[in-house]
Amino acid sequence: MNETHASSPNPDLFSAAQAVAAGIDFAELSVSPAGLFWNEFRPQDAASRIWRWSKGATTCLTPDGFSVRSRVYEYGGGSFCLTDDAVAFVNEADQQIYVQPFDSSIPQPLTQGDKHYGDVRFARGQILAVEEEKDVHRLVAIDLIDGRREVLAEGADFYASPTLSPDGNRLVWIEWWRPHQPWTSTRLLSVERQADATWGRAHCLAGGLGLEALQQPRFDAQGRLYCLTDRAGFWQPWVETLEGFEALPTANADHAPAPWQLGGSSWLPLNDGAYLAPWSEDGMGVLGIRSADNTVSLFGSDYSRFRNLAMDDQYLYCIAASAISPSAVLAISRADQRVQVLAGGVAPLPIERISRPQTLRYPSGGEEAHGYFYPAMNGETKPPVVVFIHGGPTSACYPVLDPRIQYWTQRGFAVADLNYRGSTGYGRAYRQALFLEWGVVDVEDACAVVEYLGNQGLIDPNNAFIRGGSAGGYTTLCALAFKNVFRAGASLYGVSDPLALAEATHKFEADYLDWLIGDPDIDMVRYKERTPLLHADQIKVPVIFFQGELDAVVVPAQTRDMLNALLEKGIPAEGHFYPDERHGFRKASNQAHALETEWAFYRKVMEG
């Protein structure tokens with residue numbers, strides 16, 4: 001980027017406010033004879049609301065004063081379900097379950113008190129849910145008529161996916177114990193209903209040896225049980241048999257992301273061993289029905305990511321996005337594959353101004369890393385580059401229209417959006433690459449992509465910047481402290497002190513650091529070697545920080561300590577703290593401010 005362009009922004013550029021306003025997102029599709037329902041988040045008011053599509057009309061059901069969002073395990077998920085004649089949802093403000101009839105705008109509380117709920121599902125007159133009471137978790141059933149609460153399972157550290165068979169006589173779920181995460185080792189449990197209508201003794205069907213992670217159990221209409229497991233290297237569908245579980249015909253690809261949130265629905269079993277699922281081919285997502293004889297019918301070929309699947313006799317429903325279309329709710333005809341866009345999908349830029357993702361595979365640390373490259377849109381042959389590091393760190397980025405990325409490419413930056421080693425979507429072995437290696441392999445991949453793109457003549461490696469949120473902020477700070485590749489960086493609610501994180505964070509991630517780095521008592525040297533706060537004097541380039549004051553994952557004190565350490569060393573640094581934000585910013589004004597401020601920060605660095 002030349003200096004004139006950097007110091008004189010074009011007033012016609014795609015603005016931060018436009019980028020944030022385009023960040024409408026959708027989740028948790030559910031279908032019934034009453035229509036298709038979804039949860040829609042709009043950054044303008046930082047609220048999530050339930051919408052319904054029925055008979056060609058779309059209406060919002062959630063009244064003002066309510067926002068549909070669970071915070072169980074901090075990251076929530078599974079925030080609503082459909083009953084016979086109503087929507088049951090978790091209200092964000094008090095984390096209680098409310099019931100709202102389809103024909104009424106007044107939700108009524110089903111629960112009250114200090115217990116919180118998520119992963120809600122309706123079954124035979126009850127709401128099944130994961131219940132959180134401080135640091136205790138259990139599965140419960142709550143009667144819709146009188147609110148009577150029944151404990152279905154307790155004793156494990158974590159629960160997910162309570163699922164009842166069609167005849168109501170079998171209940172299955174996923175559970176796991178610390179120090180495991182739901183993407184390292186889980187168990188599939190089953191219990192039978194007894195003659196007196198009580199539940200019998202639970203028994204384990206699969207998992208529990210630390211060798212596989214199971215998720216999303218499903219029954220088909222005939223009562224056959226299926227589940228995703230990564231025991232063969234990828235999250236693939238298996239079916240229960242008399243001898244145990246056996247694999248269905250499948251692609252060698254993950255059919256689900258890492259379950260950071262509850263209530264995931266990335267695949268659906270059909271009859272006779274067929275199933276609907278997305279998977280990745282050459283870095284791009286496809287959606288198909290795979291039959292028992294391994295024939296495949298593909299749907300939605302114009303899209304490259306599919307999630308939150310639902311189905312009825314007429315349509316396949318999903319949330320999908322592409323390189324030129326942001327998230328949209330789709331209805332795809334099962335008869336002729338015709339696609340209807342029910343909500344979203346409106347690009348915030350003309351197609352010719354959208355930078356398209358190119359699949360990245362590049363060498364790093366003697367292995368191969370992945371990601372997507374977005375060219376700058378100002379015609380420069382060797383533009384500056386911003387390396388995006390996703391959070392998680394067992395998360396992923398996808399080749400879809402992201403307004404934040406377009407914000408940078410419109411300003412003459414190329415973007416490298418990385419699925420560094422440890423990311424989900426490339427199988428269990430790739431995901432396990434971060435075991436005891438956090439702050440090493442992810443940093444190698446972040447630095448190696450700059451060298452790779454520079455050697456390809458696609459960027460100016462001397463004008464490379466790095467940004468990341470949460471765990472991505474940790475990778476960012478490690479790269480700035482321990483490598484000499486980037487001119488500046490941005491940490492959004494990022495980890496600067498892993499030990500402080502382990503002491504202050506919530507139960508869901510309380511042992512994650514042991515897996516990522518090691519036992520703090522035994523491996524203290526390793527922790528000290530990988531703690532950016534202790535090596536602030538090694539950072540020689542400017543850093544900007546963004547932090548929510550209500551963050552319970554990365555507490556604000558950690559960010560302030562890192563900021564002050566840099567300022568005391570005379571390193572140019574800025575800190576921006578938002579009193580009304582948690583872990584991940586939701587308010588449009590705050591998101592836009594952070595984006596504009598980060599860009600101004602980089603411009604100042606380049607002009608200096």
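From the list Ser54, Ser48, which residue is buried (at least 21 other Cβ atoms within 10 Å of the Cβ), out of contact with any Leu (no Cβ under 7 Å at 6 or more places or on another chain) and of a type in the set (S, T, N, Q)? Within the list Ser54, Ser48, the selection yields Ser48. Within region 371-387, the residues that satisfy the criterion of being under 23 Å from Glu352 (Cβ atoms) and not hydroxyl-bearing (Ser, Thr, Tyr) are Phe373, Pro375, Ala376, Met377, Asn378, Gly379, Glu380, Lys382, Pro383, Pro384, Val385, Val386.
So that you can scan it fast, the table gives a plain yes or no per residue for (1) under 18 Å from Thr475 (Cβ atoms); (2) not hydroxyl-bearing (Ser, Thr, Tyr):
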position: Thr359; (1), (2): no, no
position: Gly365; (1), (2): yes, yes
position: Ala376; (1), (2): no, yes
position: His390; (1), (2): yes, yes
position: Tyr407; (1), (2): no, no
position: Leu418; (1), (2): yes, yes
position: Tyr426; (1), (2): yes, no
position: Leu434; (1), (2): yes, yes
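Quick one: how many residues across region 362-374 are touching a residue at least 24 places away in the same chain (Cβ under 8 Å) and either buried (at least 18 other Cβ atoms within 10 Å of the Cβ) or charged (D, E, K, R) (or both)?
Within region 362-374, the first condition is being touching a residue at least 24 places away in the same chain (Cβ under 8 Å), and the residues that meet it are 362-365, 367, 369-374.
So of that shortlist, the ones also either buried (at least 18 other Cβ atoms within 10 Å of the Cβ) or charged (D, E, K, R) (or both) come out as 362, 364, 367, 369-374.
The qualifying residues number 9.
Quick check on Ser32: is it surrounded by 17 or more Cβ atoms within 10 Å (Cβ to Cβ) and farther than 21 Å from Ala321 by Cβ? Yes. Each residue in region 242-267 was checked for being surrounded by fewer than 18 Cβ atoms within 10 Å (Cβ to Cβ) and under 26 Å from Leu139 (Cα atoms), and 1 of them qualify.
For region 516-523, the condition holds for at least one residue, the condition being that it is in contact (Cβ under 8 Å) with a residue 24 or more places away in the chain, more than 23 Å from Ala47 (Cα to Cα) and among the aliphatic types (A, V, I, L, M). Of the residues that sit in region 339-361 and are assigned to a helix (DSSP H, G or I) and of a type outside the set (A, V, I, L, M), which one is surrounded by the fewest Cβ atoms within 10 Å (Cβ to Cβ)? The selected residue is Glu352. The residue that is farthest from Leu164 (Cα to Cα), counting only those in region 102-122 that are part of a strand (DSSP E or B) and either at pLDDT below 95 or charged (D, E, K, R) (or both), is Asp119.
Tally time: how many residues in region 379-389 are within 16 Å of Phe465 (Cβ to Cβ) and part of a loop (DSSP other than H, G, I, E, B)? Can you show your working first?
Filtering region 379-389 for residues within 16 Å of Phe465 (Cβ to Cβ) gives 380, 382-389.
Still in the list and also part of a loop (DSSP other than H, G, I, E, B): 380, 382-384.
So the count comes out to 4.
Within region 425-438, residues that are part of a loop (DSSP other than H, G, I, E, B) have Cβ atoms under 7 Å from residues that are β-branched (Val, Ile, Thr) in these pairs: Leu436/Ile517; Trp438/Ile517, counting only partners at least 6 apart in sequence or on another chain. Residues that are at pLDDT 95 or above, crowded, with 21+ Cβ neighbours inside 10 Å, in a loop (DSSP other than H, G, I, E, B) and at negative phi do occur in region 515-524, at least one of them. Exactly one residue out of Asp417, Asp313 is closer than 30 Å to Arg49 by Cβ, of a type outside the set (Phe, Trp, Tyr) and in contact with a strand residue (DSSP E or B) (Cβ under 8 Å, 6 or more places away or on another chain): that is Asp417. Residue-level check: of (1) part of a loop (DSSP other than H, G, I, E, B); (2) more than 28 Å from Ala27 (Cα to Cα); (3) within 27 Å of the chain's Cα centre (by Cα), Gly233 misses just (2). Output the residue which, of all residues in region 123-141 that are at negative phi and surrounded by fewer than 20 Cβ atoms within 10 Å (Cβ to Cβ), is modelled with the lowest pLDDT. It comes out as Asp135.
Given the structure, is Val553 within 22 Å of the chain's Cα centre (by Cα), in a loop (DSSP other than H, G, I, E, B), under 25 Å from Val387 (Cα atoms) and not charged (D, E, K, R)? Answer is yes for this residue. As for region 587-607, it holds no residue that is within 30 Å of Ser185 (Cα to Cα), modelled with pLDDT under 95 and not in a helix (DSSP H, G or I).
Annotation note: of Pro399, Pro393, the sole residue that is modelled with pLDDT under 95, closer than 29 Å to Ala592 by Cβ and crowded, with 22+ Cβ neighbours inside 10 Å is Pro393.
Could you list, in sequence order, all residues of region 236-255 that are outside any loop (DSSP other than H, G, I, E, B) and either closer than 20 Å to Leu298 by Cβ or without any contact (Cβ under 8 Å) to a residue 40 or more places away in the chain (or both)? Correct list: Gln236, Pro237, Trp238, Val239, Glu240, Thr241, Gly244, Glu246, Ala247.
Working carefully through the options Gly118, Gly125, find the one that is in contact (Cβ under 8 Å) with a residue 60 or more places away in the chain and out of contact with any Phe, Trp or Tyr (no Cβ under 6 Å at 6 or more places or on another chain).
Numbers: Gly125 fails: in contact (Cβ under 8 Å) with a residue 60 or more places away in the chain.
It is Gly118.
The condition of being in contact with a helix residue (DSSP H, G or I) (Cβ under 8 Å, 6 or more places away or on another chain), surrounded by fewer than 21 Cβ atoms within 10 Å (Cβ to Cβ) and not aliphatic (A, V, I, L, M) holds for only one of Lys483, Lys507, that being Lys483. Residues that are touching a residue at least 24 places away in the same chain (Cβ under 8 Å), surrounded by 19 or more Cβ atoms within 10 Å (Cβ to Cβ) and farther than 25 Å from Pro357 by Cα occur at least once in region 284-296.
When you check Phe89 against the structure, is it closer than 24 Å to Ala34 by Cα and either assigned to a loop (DSSP other than H, G, I, E, B) or in contact with a His (Cβ under 8 Å, 6 or more places away or on another chain) (or both), yes or no? In short, no. Among the criteria (1) within 27 Å of Pro269 (Cβ to Cβ); (2) assigned by TED's automatic domain parsing to the domain that holds Val87; (3) buried (at least 19 other Cβ atoms within 10 Å of the Cβ), the one Pro107 does not fulfil is (1).
The values are calculated or read from the model by the stated rules, or taken from the named source; none is laboratory data. The shown structure was predicted, so the numbers you read here are calculated from the model rather than taken from an experiment. For neighbour counting, all protein chains shown are included, and Cβ atoms are generated from backbone atoms with ideal geometry for every residue, glycine included.
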